[in-house]
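The values are calculated or read from the model by the stated rules, or taken from the named source; none is laboratory data. Bear in mind that the values here come from a model prediction, so they are computed numbers and not experimental data. Cβ coordinates were reconstructed from backbone atoms using ideal geometry, including for glycine residues, and neighbour counts include every protein chain displayed.
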Amino acid sequence: MQTIQLPSYKEQSPTVADRFNRLKQRQVILEAENISKIFPTEQGDITALADISFKAYRREFLSVIGPSGCGKSTLIRILSGLESASEGQVLLDGKPVDQPGPERGMVFQGYTLFPWLTVKKNVMFGLEVAGKSQTQARAEALQWIEMVGLEEFVDHYPAQLSGGMKQRVAIARALANQPRVLLMDEPFGALDAQTRARMQSYLMQIWRNVDITIIFITHDLDEAVYLSDRVLVLNANPGTVQEMIEVPVAQPRSPKQHLNPEFLATKEHIESLIHPNRDEEDVLPIIRLTNIKDDIL
Amino acid sequence: MSWLSIQKELPARRKAALILLSFLLPLALWSTISYVPFIWHPMMEIQNAGGSLYLEQGQRVTRNVFEQENRRLMEGGEEVLTGVRANPVYLPPPHNVLTAVYTAFKTKPRRPDDPWLHESLAHSIQVVFYGFLLSSLIGVPLGILCGVFSFFSKLYEPFFEFFRYMPAPVFGALAVAVLGINDGPKVAIIFIGTFFQQVLVIANTTRQLPPSLLEAAQTLGAKGGTLLKKVVLPAIAPTVFLDMRILLGWAWTYLIVAEVVGTSTGITWFINQQAKYRIYENVYAAILMIGIIGLVTDMVLAWIGRNLFVWDGGKRSGLFLFLSELFCGPMDKTFTFTKKRALKHADYTTPEL
């Protein structure tokens, strides 16, 4: 059997290295400072997150990945202000934040469109709350709906849309507030593989054209590497930062890059971080129940 | 397809047939007992009193009495009684009751001051309406507050939970003492019977609101009052509407008790009066009317609910659109869930508003 020699994920081509240099000189939009989260239970305290720090730069696409139970969702809920950190703080543009607000848009895994509002009214929600006039809000909402390619569905109710469409509306709804950062909590987790691929491409296009920093939670390795500038890999129990990986694949991304050596190298490295013992097959206590001789054994 | 398959919907036609049958079966039973002379019919209706001194034509007596009297008359050599088998007067045949539904309205009250049937009915509906309205005006907002804020929930719900186990009718005497003998205590009984359940039911409905919707609204900048007005209220509206339909049914069931408190009034007074006169057709007709009013009210409310909350699986009908445009101006576009699939695939372009 042939093994393919992959380059190290740390080797960056000059263009990629240059991009990261420029990225890190940009303004820091969101900063997590020594965030810890402890859930008190009757059996004692459970530490979900311990001492997590990172920075997200302007127009960066940052993914957070880790084994299940590493507190990814807790982390993004703390960033959004829906939960408060036990220790540490979240800084947005250098100022600490501890409450949810429109400057940190959020897209959830479950469908959270308001079912009693049409697509248009859903996107108008944040604009109306911000005190814009009906006409102004409608005009802006239509623009964002057009951006996600759903202008034919403005008067549909969420129940009439497919899962992918719902998430596109949710993205438009969050972006309509023109947030500083878009927090996405496994937004494509409930979609089938093909829809998911299409949604990834939509998201890339939106990200390229809008001045937005994206923090993206996922458990899908491929998705994380494909979409992100950098990937934050977390440990489980308690959730700690394992490594911040700079993805050495050139931007703009396209589906063809899934087979690039740098892409595969990065994926393999993250895989080894998340599942260190993946090569050993777990042995199940199975009794052989067939007499047919073949070459599987 | 078999008539009995587990957890499978029957075809529309069979369903319709069964719905019809559910009404026809009791009616058939009633008709059989009424019209087939050898089934039950424990009485004899006297057609010719003969030589009897105390029986009259048209009177109903048990068969025992009838035979005894005949034996006595035969021994005395007098003319014997003749009669046909009949049911007791409290079980009139269906056709009498059906005609009574109409004629009861035309029956003049025996005393000039007494109300007609339609006046009695109107009075009953009025009592239920006021009781339910009063209860809802306080109960719905309070229920929503209890569902949203733990503060109100803990402040009110434990006591209401206790109070609702005291049956409303036991407060009858107290209500009369406090509110007099007219409509006051009746409205109060319906209020007591409805209110405590209402707060608890609405609070529970409010608590079912998915927290993710509130969280999404918060990340869009909504806070406090806005959150309540723009998320909580519209989200729970269809379920609250359904709760109100069920609660209105409960309010109706308290009506009969409420109406005998203080001076007897309304439909209950009418029923008792007709029973005293032994016009049982009218008693049945009045009972039937209570049922019909309840059912029709519920069906109308269900229809309004389906039209109001299209997003919750309802369907907007032409009549509703017509009425709403007549009174409140144009609504948003016609929306039906049956169109849903077709819309998804057809190249559908929405016309401009």
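Summary of computed values
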item	result
Among (1) within 30 Å of A:Lys37 (Cβ to Cβ); (2) crowded, with 16+ Cβ neighbours inside 10 Å - the single one A:Pro248 does not satisfy	(1)
Flag if A:Phe20 is touching an Asp or Glu at 6+ places or on another chain (Cβ under 8 Å), in contact (Cβ under 8 Å) with a residue 24 or more places away in the chain and outside any strand (DSSP E or B)	yes
Count of segment A:36-81 residues which are within 14 Å of another protein chain (Cβ to nearest Cβ) and at pLDDT 90 or above	7
Flag if B:Arg71 is of a type outside the set (Phe, Trp, Tyr), in a helix (DSSP H, G or I) and exposed (fewer than 14 other Cβ atoms within 10 Å of the Cβ)	yes
Some residue of segment A:127-149 being within 9 Å of another protein chain (Cβ to nearest Cβ) and within 23 Å of the chain's Cα centre (by Cα)	no
Failed condition for B:Gly221, given (1) under 19 Å from A:Gly131 (Cα atoms); (2) in contact with a helix residue (DSSP H, G or I) (Cβ under 6 Å, 6 or more places away or on another chain); (3) not in a loop (DSSP other than H, G, I, E, B)	(3)
Qualifying position, being in the same structural domain as B:Met299 (by TED's automatic domain parsing) and not in a helix (DSSP H, G or I), among B:Val178, B:Val257, B:Val261, B:Val199	B:Val261
Segment B:51-68: number of residues that are within 11 Å of B:Gly83 (Cα to Cα) and part of a helix (DSSP H, G or I)	3
Residues located in segment A:171-185, provided they are assigned to a helix (DSSP H, G or I) and more than 8 Å from chain B (Cβ to nearest Cβ)	A:Ile171, A:Ala172, A:Leu175, A:Ala176
Sole residue being at pLDDT 50 or above, in the same structural domain as B:Pro234 (by TED's automatic domain parsing) and under 25 Å from A:Glu152 (Cβ atoms), chosen from B:Leu321, B:Leu343, B:Leu308, B:Leu326	B:Leu321
Number of the condition not met by A:Asp98 [criteria: (1) within 14 Å of chain B (Cβ to nearest Cβ); (2) under 30 Å from A:Met124 (Cβ atoms); (3) buried (at least 16 other Cβ atoms within 10 Å of the Cβ)]	(3)
Tabulated pairs, segment B:101-117, first over 10 Å from B:Phe270 (Cα atoms), second modelled with pLDDT of 85 or more and hydroxyl-bearing (Ser, Thr, Tyr), C-beta under 8 angstrom, 6+ apart or interchain	B:Arg110/B:Tyr277
Strands (runs of 3 or more DSSP E) fully within segment A:47-159 counting 1 or more residues that are touching a helix residue (DSSP H, G or I) at 6+ places or on another chain (Cβ under 7 Å) and within 29 Å of A:Phe20 (Cβ to Cβ)	A:61-65, A:87-92, A:104-107
Residues being at pLDDT below 90 and small (Gly, Ala, Ser) - total across segment A:214-238	1
Qualifying residue in segment B:111-122 (condition: more than 19 Å from B:Ile279 (Cβ to Cβ), surrounded by 12 or more Cβ atoms within 10 Å (Cβ to Cβ) and within 36 Å of the chain's Cα centre (by Cα))	yes
Residue within segment B:276-283 that is more than 14 Å from every other protein chain (Cβ to nearest Cβ), surrounded by fewer than 16 Cβ atoms within 10 Å (Cβ to Cβ) and assigned to a helix (DSSP H, G or I) present	yes
Breaking point among (1) under 24 Å from A:Ser73 (Cα atoms); (2) hydrophobic (A, V, I, L, M, F, W, C); (3) more than 12 Å from chain B (Cβ to nearest Cβ), for A:Val210	(1)
Residue selected from segment B:216-275 under the condition away from chain A (no Cβ under 14 Å) and on the phi > 0 side of the Ramachandran plot, by the criterion modelled with the highest pLDDT	B:Gly266
